[in-house]
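First up is the structure itself, then whatever we jot down about it.
Derivation of every value follows stated rules applied to the coordinates shown; laboratory data play no part. All figures in this text were calculated on a predicted structure; none of them were measured in a lab. Neighbour counts run over all protein chains shown; Cβ positions are idealised from the backbone, glycine included.
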Amino acid sequence: MAECHGIISVPVMLFFQKGVIKMPNQLSNEQTLNVGECEGPQNSRITNYAIVQSHSGERLKNLRGKRVGLAACSNALTEEDREEIRRLDEALRSLNIDPVWSPCMFREKRGEAAPPKERAKCLMDFYRDEEIAAIFDLSGGDLANEILEELDMDCIAASGKSFWGYSDLSTVLNALWTKAGSPGVLYQIRNLVREDGKEQHRRFSAWLDGSSEELFSPSWHFLRGEEMAGALVGGNIRCFLKLAGTPWFPELKDRILFLESLGGSLATLHTCLAQLRQMGAFERINGLLIGSFTKAEQISGRAAVEETVLACTGNPLLPVASTGQVGHGADSRALPIGGYLQICRDGKRPFTKRAGN
């Protein structure tokens with residue numbers, strides 16, 4: 001299927017706090033946000049894509065003039081990464097944001113990391129510091145779930161701070177939402193200084209100003225179904241599944257599940273989807289969103305990935321929508337973990353499906 005390429009026009013982006021979600025029929029016009037159109041095939045065009053706000057929410061884009069923490073909760077960065085982090089520091093300062101570097105970020109060898117308790121302490125120090133407005137994790141890899149037992153979820157819940165990260169940080173993002181109701185953003189802030197850095201810098205700056213929501217507006221097309229609504233969970237499929245069977249795995253009932261991956265073949269995708277199916281995930285969620293599956297697409301093509309997803313869910317009634325604009329690419333857009341999404345196909349009266357919290 002072709003993907004819709006138009007930009008979804010959206011005025012404001014807000015998040016939830018403490019797990020409070022209002023139903024569509026409880027929202028005023030002022031609380032229904034990110035509504036717009038994108039062009040694509042008539043049978044798959046998205047007419048309405050919305051992120052809506054609960055009464056307890058707080059705008060988290062007010063970061064100009066504030067300090068932010070730069071963390072590494074997964075595998076440590078190496079000296080080879082230091083120059084890129086220095087350029088990121090400069091990019092943030094150019095936006096009037098003051099970055100504070102975690103002392104746990106760097107190690108001599110790739111794949112190493114500070115001990116879990118030390119990494120958790122560095123993160124909690126940011127949450128306890130009243131001058132830190134948000135936390136951007138710069139790492140990825142394998143080790144983020146090691147810190148979960150050491151986190152003070154009550155402190156995190158009370159802070160109201162947003163945590164940004166991607167890939168292996170899917171474990172932390174979903175754990176923080178599940179146990180603390182803490183807002184999160186699936187996004188790697190290092191994209192500001194990577195290959196697509198100029199465009200990413202523009203999107204991020206426009207989001208900070210409230211003048212554009214491109215950063216949070218990937219273009220979706222439906223593979224199956226017509227609409228979906230619910231709070232968003234998920235992230236990197238391999239890392240998300242590391243939470244299965246733990247207290248930090250999110251409730252899936254009436255949620256929208258997002259999945260993407262950097263590595264792995266179609267066989268890897270098959271086995272991960274089989275695990276989710278066997279857990280009953282596809283019978284509980286309101287909809288499935290898929291982003292880029294970089295390696296599998298390089299080997300087998302995007303169409304094969306989409307066909308695999310449709311075949312492996314085991315639920316022919318489950319709505320599924322797809323985008324190539326969220327994942328590990330340097331041009332990736334952002335998604336709000338815990339944000340309440342409403343999406344419907346062209347020609348469908350918007351937001352008729354009621355999702356639970």
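Values for this structure:
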{"item": "Of Lys121/Lys179; Lys66/Lys242; Lys253/Lys295; Lys121/Lys253, pairs whose Cα-Cα distance is over 26 Å", "result": "Lys66/Lys242; Lys253/Lys295; Lys121/Lys253"}
{"item": "Length gained when the stretch Glu150-Arg194 is fully extended (0.36 nm per residue, less Cα-Cα span)", "result": "12.6 nm"}
{"item": "Gap separating the Cα centres of the stretch 225-245 and the stretch 127-154, nearest whole Å", "result": "20"}
{"item": "Footprinting exposure proxy for Lys242, Lys117 (fewest neighbouring C-beta atoms within 10 Å first)", "result": "Lys117, Lys242"}
{"item": "Positive-end residue, the stretch 246-349 charge dipole about Cα centroid, Cβ charges, pick of Ser332, Phe258, Thr271", "result": "Phe258"}
{"item": "Nearest-20 debye value, the stretch 249-346 charge dipole, Cβ charges on Lys, Arg, Asp, Glu", "result": "120"}
{"item": "From phi via Karplus (6.51, -1.76, 1.60), per-residue ³J(HN,Hα) for the stretch 207-219 in Hz, x at Gly/Pro", "result": "5, 4, 7, x, 8, 7, 10, 4, 4, 9, 10, x, 8"}
{"item": "Under 5 Å, built H, 5+ apart or other chain: amide partners of Ala334", "result": "Phe216, Ser217"}
{"item": "FRET E, pair Lys66, Arg284, Förster distance 30 Å, beta-carbon r, rounded to 0.05", "result": "0.20"}
{"item": "Label-point separation in nm, Arg86 to Leu317, each point 7 Å along Cα→Cβ", "result": "5.9"}
